[in-house]
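Student: If you scroll down you'll find the structure; I have some questions about it.
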Amino acid sequence: MTGNVNPRRPLWAIRGSLERRAHWLIAMSGLLSALLAWWWVSAGGAIDPVFLPTPPLVLDSAWAWLRDGDLLGDVAISVYRVVAGFLLSAVLALPLGVLVGTYAPVKALFEPLTDFIRYMPAAAFIPLVMLWVGIDEGAKIAIIFIGTFFQMLLMIAEDVRRVPMEQIEAAQTMGADRDEIVMRVIMPSAKPAILDTLRVTMGWAWTYLVVAELVAANSGLGFAVLKAQRFLQTDKIFAGIILIGLFGLATDQCFRWAHRRSFPWLYRR
Amino acid sequence: MTNPIIQIRQLQKRFAANGADIVALQDADLDLASGEFVTLVGASGCGKSTLLRIVGGLEPASGGSVNVDGLPIAGPGIDRAMVFQHYSLYPWLSVTENIKFCRQLKVHRDVSTLSDVESAEGRADALIRLMGLSHVADAYPNQLSGGMQQRVAIARALMARPRILLMDEPFGALDAQTREVMHDLILHVSILEKTTVLFVTHDVEEAIYLAHRVVLMAPRPGRIAAVHTVPLPDHRDQDMKQTPDFIALKKQILAGIRDTSGMQTDYELLERLGQVPAP
Ligand SMILES: Nc1ncnc2c1ncn2[C@@H]1O[C@H](COP(=O)(O)OP(=O)(O)OP(=O)(O)O)[C@@H](O)[C@H]1O
Ligand SMILES: [Mg+2]
């Protein structure tokens, strides 16, 4: 190759990176081989499509859902629930996490409590949430909130604690007061890790969708999967699960893109 | 010493670590004259960093006092800047922004007439040029080599015109050639700015080359064991490392570290391993 200053990067270097094209090629072949394996097994005829529908069957079912059912409505309401539950968690966990990671008394107050609650299964809260919040949208958002908030709080606190002490002490010797250290050192230093935490917890918020839509829902992707289960519509279950996966993947990619956009200094070498 | 800028008296520091009581510093006495360059050497764990951090106000003393200009210190202050070995630069800021970081802080912003702003800009530019950072002024820290990063850290510390510069093994992670360049640079700057420097190092040659006086510390309990005045003129050059005075002092200090380190080689064991003939 002419004009290329760097020789080809070895594929198997430890912690190596891939060229863009190689990365996409490998990533795509991973996704495609999963699809092909599914296709091959399901189309072989050895397995009843009630147990494992073929990809075209699933696609048909998704198409029917879009044409005759209310796929777009289900998607919209589910996205709304996930985003609302996630945002509520984030709005509370961000300031609290920064305080827990910065000040020992706040940590002593909240950390044991949070550690205790986060082991409680979110699904087990359904009866209580129905009792306390009712059975409308608030209840579904509350379940997603319970599923994500406590983990998010602890992870953000940990992100904040990982800011090198040297960065903080250097600011102190330059005359920064407490607020300035939090706002001008700890926050900007921890921001990339916090955005990653938000990305990971957003994934969990999607996984709690089905649990949330167990609560007296009559719409949504998770609800559709649960209803399809009652009628043994395996193809629609597949369609619903795959759609949830795709939306999760899409939000994940958005977060990664935002990360690269917001923190160019991390990606420059 | 008449009118020392730093006056350390009977300084004590204890750490309670899993039940044991560690005496990191015991009865340390030291005066630094204004503009003086003093280096601290000694075996690992003898309290060098502890002493430096107490003077920097980052660690409270358990007893005794540290006065700067006759006044006891209360926490960190802009008269005492600190340079660390690692990880102290702000990776989200460019080199120039790192160096100007203190300008964003209230203590430095309060008195901002137009000419203050102008002179601050001028100072930042001068520091960038002095440290040889012009060609990387807009780069981010993780794009720089270790030596370059430490230049930025020093420039940033100097930006607020501190009268005292505290450095904890600032060149510990650099290779020998880069170090020599940095030595001449920091000497040059300290003379130019009349900065008083307290400098911790493991490298005895570095300690002598830089300092007016070398303080030898000893562990368990951490204490000042000896103070050596360096018999070299103020303006140093690398050839002085070959002079008999330099070599003799180096030998003396190295012997001092060995004697006080408390880590005697087990000759019996070496003998059994067949490494040395019986004495
Ligand atoms: N935060 C702390 N908690 C408990 N013990 C500490 C703490 N900081 C230092 N010590 C102890 O105090 C003693 C002096 O430590 P210090 O870091 O000052 O040594 P040092 O001379 O800088 O060593 P080195 O050359 O390895 O950097 C050591 O025994 C160390 O274990
Ligand atoms: Mg040390």
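Student: Which percent of Cα-Cα pairs in chain A sits in each 5 Å bin, short to long?
Tutor: Answer for chain A: a P(r) of 1, 5, 9, 12, 13, 13, 12, 11, 9, 7, 4, 2, 1, 0, 0 percent.
Student: How large is log10 I(q)/I(0) at q = 0.13, 0.18, 0.19, 0.20 Å⁻¹ when the Debye formula is applied to the Cα atoms of the range B:127-216, each weighted equally and without solvent?
Tutor: Computed log10 I(q)/I(0) values: -0.42, -0.81, -0.90, -1.00.
Student: While we're here: When a footprinting reagent is the concern and you count Cβ atoms within 10 Å, what order do B:268, B:206, B:121, B:59 take, fewest first?
Tutor: Ascending number of Cβ neighbours within 10 Å: B:268, B:121, B:59, B:206.
Student: A further question on this structure: Which number comes out as Rg/Rh for the range A:58-128 once both Rg and the Kirkwood Rh are worked out on C-alpha atoms?
Tutor: 1.23
Student: Here is a follow-up. Scattering from the C-alpha atoms of the range A:178-269 alone, worked out with Debye: what is log10 I(q)/I(0) at q = 0.13, 0.16, 0.19, 0.23 1/Å?
Tutor: Once normalised to I(0) and log-transformed, intensities are -0.60, -0.74, -0.88, -1.09.
Student: For the range B:121-279, taking Cα atoms only, what is the radius of gyration to one decimal and the Dmax to the nearest whole Å?
Tutor: My reading of the Cα-based Rg and Dmax gives 19.4, 67 Å.
Student: For the range A:74-220, what is Rg from Cα atoms divided by 2.2 N^0.38 Å, rounded to two decimals?
Tutor: Normalised by 2.2 N^0.38 Å, the Cα Rg of the range A:74-220 equals 1.19.
Student: Percentage of Cα-Cα pair distances in the range B:93-149 greater than 15 Å, rounded to whole percent?
Tutor: Summing the P(r) tail past 15 Å for the range B:93-149 gives 50 percent.
Student: What are the radius of gyration and Dmax of chain B, computed over its Cα atoms and given in Å?
Tutor: Looking at chain B, its Cα Rg and Dmax stand at 20.4, 76 Å.
Student: From the mean inverse distance of alpha carbon pairs (Kirkwood) and the Cα radius of gyration, derive Rg over Rh for the range A:100-183.
Tutor: Computed over Cα atoms, the ratio is 1.17.
Student: Describe numerically, in nm with one decimal, the distance between label points set 7 Å from Cα along Cα→Cβ at residue A:136 and at residue B:235.
Tutor: 8.4 nm
Student: Checking the a/c ratio against 1.5 first, then a/b against b/c, what shape does the Cα gyration tensor give for the range A:11-89?
Tutor: In terms of gyration-tensor shape, oblate.
Student: Have a look at B:241, B:106, B:251 and tell me which one the Gaussian network model of chain B (Cα, springs below 10 Å) gives the largest fluctuation.
Tutor: Among B:241, B:106, B:251, the largest GNM mean-square fluctuation belongs to B:106.
Student: Chymotrypsin sites (Phe, Trp or Tyr not before Pro), restricted to the range A:191-242: which are DSSP loop and have at most 16 other Cβ atoms within 10 Å?
Tutor: Filter output for the range A:191-242: A:231.
Student: Now for a separate question. Relative contact order (percent) for the range B:1-58, with alpha-carbon contacts under 8 angstrom and 6 or more residues of separation?
Tutor: 33 percent
Student: To continue, here is another question. How large is Rg/Rh for the range B:1-130, to two decimals, with Cα atoms and a Kirkwood Rh?
Tutor: So for the range B:1-130, dividing Rg by the Kirkwood Rh gives 1.04.
Student: Given +1 on the Cβ of Lys and Arg, -1 on the Cβ of Asp and Glu, and no further charges, what dipole in debye does the range A:74-220 carry about its Cα centre, rounded to the nearest 20?
Tutor: It comes to approximately 100 debye.
Student: Another question about this same structure. In Å, what Rg and Dmax follow from the Cα atoms of the protein assembly as shown?
Tutor: Considering the protein assembly as shown through its Cα atoms, Rg and Dmax are 31.7, 98 Å.
Student: Now for a separate question. Considering only DSSP beta bridges with both partners in the protein assembly as shown, what is the antiparallel share in %, to the nearest 5?
Tutor: If I count the DSSP bridges inside the protein assembly as shown, around 55 percent turn out antiparallel.
Student: Work out the length of the dipole vector of chain B about its Cα centre, built from +1 on the beta-carbon of each Lys and Arg and -1 on the beta-carbon of each Asp and Glu, and round it to the nearest 20 debye.
Tutor: Result for chain B is approximately 480 debye, rounded to the nearest 20.
A short reminder: the numbers here are calculations on the coordinates, not readings from a lab. Model, not experiment: these values are computed from the prediction. Neighbour counts are summed over all protein chains in view; Cβ atoms, including those assigned to glycine, are modelled from backbone coordinates with ideal geometry.
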